[in-house]
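Right, I'll just put the structure down here and ask away after.
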Amino acid sequence: MQHSVIHVEKKLSSQIKKRPYKNQKAKNPRISTENLTTLSANYMEKGVEYFNSGNHQKAIENLSKHIELHPKDILAYITRGAAYNDSGDHTKAIENFNKAIELNPNSGHAYFEKGN
């Protein structure tokens with residue numbers, strides 16, 4: 001059964017506008033904070049695109065890169081968990097949903113996806 005990440009694209013666009021990650025330190029000093037934000041947003045957007053097209057492995061790869069840059073991004077963990085679940089790796093799916101819940105115990109979205 002296919003998992004669906006509820007309103008991911010709508011939440012993604014509002015998340016990017018709300019959280020510019022300006023306080024994030026670049027791992028490579030040649031990359032500016034603005035470029036880091038764009039790079040991270042691209043990983044998230046690509047991850048969502050791959051998820052929606054059914055390419056779960058590519059979704060996981062891109063979402064993992066985004067999470068490396070923003071380890072507190074709940075939506076990224078939820079989406080990556082859904083991709084793991086759809087690809088049959090239920091253990092990693094639960095780990096991702098649990099991480100999202102750990103970061104925000106009030107996330108109904110994370111509980112919903114974990115229950116599916």
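The values are calculated or read from the model by the stated rules, or taken from the named source; none is laboratory data. Keep in mind that what you see is a predicted model, and the values were worked out from it rather than measured. Glycine also receives a Cβ, built like all others from the backbone with ideal geometry; neighbour counts cover every protein chain displayed.
Every residue, every condition in (1) surrounded by 15 or more Cβ atoms within 10 Å (Cβ to Cβ); (2) of a type in the set (K, R); (3) at pLDDT below 95; (4) under 15 Å from the mean Cα position of the chain (by Cα), yes or no:
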site	(1), (2), (3), (4)
A41	yes, no, yes, yes
G47	yes, no, yes, yes
L69	yes, no, yes, yes
N85	yes, no, no, yes
D89	yes, no, no, no
A93	yes, no, no, yes
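Taking region 57-103, which residues are among the β-branched types (V, I, T) and in contact with a Gly (Cβ under 8 Å, 6 or more places away or on another chain)?
Once the filter is applied, which keeps residues that are among the β-branched types (V, I, T) and in contact with a Gly (Cβ under 8 Å, 6 or more places away or on another chain), region 57-103 yields I60, T79, I94.
State whether the residues of region 49-67 include one that is in contact (Cβ under 8 Å) with a residue 24 or more places away in the chain, on the phi < 0 side of the Ramachandran plot and of a type in the set (V, I, T).
Looking for residues that are in contact (Cβ under 8 Å) with a residue 24 or more places away in the chain, on the phi < 0 side of the Ramachandran plot and of a type in the set (V, I, T), one finds at least one in region 49-67, hence yes.
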